[in-house]
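Beneath this line is the structure, given in structure tokens, with notes to follow.
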Amino acid sequence: MKNTLLAASLLALLQAAAHGGQVQISVTTPDGQPAADVAVMVHPTAAWTAQPLPEPVVIAQRNIRFVPFVTVVPVGATVRFVNQDRFDHHVRSQPGGPLGNVAPARQFEFRMAAAGKDPTPADLKMDVPGTVALGCHLHGSMRGHVVVSTTPWFAVTDDKGVATIAGVPDGQVELKLWHPEQLSDQAAIRLQVAGSASADARLNFAPRRRGAAAPPPRY
Ligand SMILES: [Cu+2]
């Protein structure tokens, strides 16, 4: 009986180690509203084991928008652009930041044929860490963002301002936050992960509201 219990708890420990911890962060604006579209990257303080690269990460062109608006990929991953609109797009990287002075981590430009015509997806390997603002030559209002992360643990906050990151190794971690409109870096947050951990954060600026009624921000 004792041995069975011991074996069971050992197994639980091993499983916890294999799956890692879960980090949840809740991000608000300076006036306490939920902050969506915040990229959250979890950097363990200790060295970590390299993680396998994900399958190509899809950014759709849908209804004259990039979907999702903010995409995070680990460095070395492939981003796949897929045009789901019935007209062409002409995707390009462009300078980012509210002042338009942040050089894209990778420069590219390509025409995407309309869906149904010749919907060949365009694959791009993101091998330089940083950020890339996305635009379209044909539709000036189209905006999107890619964060190329040096850590494999990340997520983007949802409409409730919440991001959940699974599989984080136990131990001390630093959370780094990024929002496309930020002028200066957000304060890093230190956390101790032991199975799970949660944190609250407040942006150091008020992002413009983005929704169905409001046009995407223009820089
Ligand atoms: Cu377009």
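The values are calculated or read from the model by the stated rules, or taken from the named source; none is laboratory data. A quick note: this is a predicted structure, and the numbers were derived from the prediction, not measured. Don't worry about glycine lacking a Cβ; one is built from the backbone with ideal geometry, like all the others, and counts go over all protein chains shown. Only protein heavy atoms, including side chains, enter the accessible area calculation; ligands, DNA and RNA are left aside. Shrake-Rupley method; radii C 1.70, N 1.55, O 1.52, S 1.80 Å.
Looking only at the range 120-129, decide whether some residue is assigned to a loop (DSSP other than H, G, I, E, B), within 16 Å of the ligand (Cβ to nearest atom), more than 14 Å from Trp178 (Cβ to Cβ) and modelled with pLDDT of 95 or more.
No, the conditions are met nowhere in the range 120-129.
Based on what the data block shows, is Phe154 closer than 26 Å to Val193 by Cβ and of a type outside the set (Val, Ile, Thr)?
Numbers: closer than 26 Å to Val193 by Cβ: yes; of a type outside the set (Val, Ile, Thr): yes.
Against the criterion (closer than 26 Å to Val193 by Cβ and of a type outside the set (Val, Ile, Thr)), Phe154 qualifies.
Among Ala60, Ala114, Ala105, which is assigned to a loop (DSSP other than H, G, I, E, B), at pLDDT 95 or above, over 20 Å from Ala35 (Cβ atoms) and among the small types (Gly, Ala, Ser)? Explain how you work it out, then say what you get.
Details: Ala60 fails: assigned to a loop (DSSP other than H, G, I, E, B); Ala114 fails: at pLDDT 95 or above.
Result of the check over Ala60, Ala114, Ala105: Ala105.
Condition check: more than 20 Å from Leu177 (Cα to Cα), within 12 Å of the ligand (Cβ to nearest atom) and crowded, with 17+ Cβ neighbours inside 10 Å. Does His137 satisfy that?
Working: more than 20 Å from Leu177 (Cα to Cα): yes; within 12 Å of the ligand (Cβ to nearest atom): yes; crowded, with 17+ Cβ neighbours inside 10 Å: no.
The answer is no for His137.
Taking Met142 as meeting all but one of (1) buried (at least 16 other Cβ atoms within 10 Å of the Cβ); (2) part of a strand (DSSP E or B); (3) within 11 Å of the ligand (Cβ to nearest atom), write down the number of the exception.
(2)
Go through the range 81-92 and report how many residues are closer than 30 Å to Ser184 by Cα and more than 8 Å from the ligand (Cβ to nearest atom).
The number of residues fulfilling the criteria is 2.
Take the residues in the range 93-119 that are in contact (Cβ under 8 Å) with a residue 40 or more places away in the chain and touching a Phe, Trp or Tyr at 6+ places or on another chain (Cβ under 7 Å), then tell me which one is farthest from the ligand (Cβ to nearest atom).
In the first step, residues of the range 93-119 are kept if they are in contact (Cβ under 8 Å) with a residue 40 or more places away in the chain; the result is 93-94, 96-100, 105-106, 112.
Pick out the ones that are also touching a Phe, Trp or Tyr at 6+ places or on another chain (Cβ under 7 Å) and you get 93, 98, 100, 112.
On the way: Ser93: 14, Pro98: 22, Gly100: 19, Met112: 8 Å.
Top of the filtered list is Pro98.
Take the residues of the range 37-66 that are without any contact (Cβ under 8 Å) to a residue 24 or more places away in the chain and open to solvent by less than 70 Å² (accessible area, probe 1.4 Å): which is nearest to the ligand (Cβ to nearest atom)?
Val57
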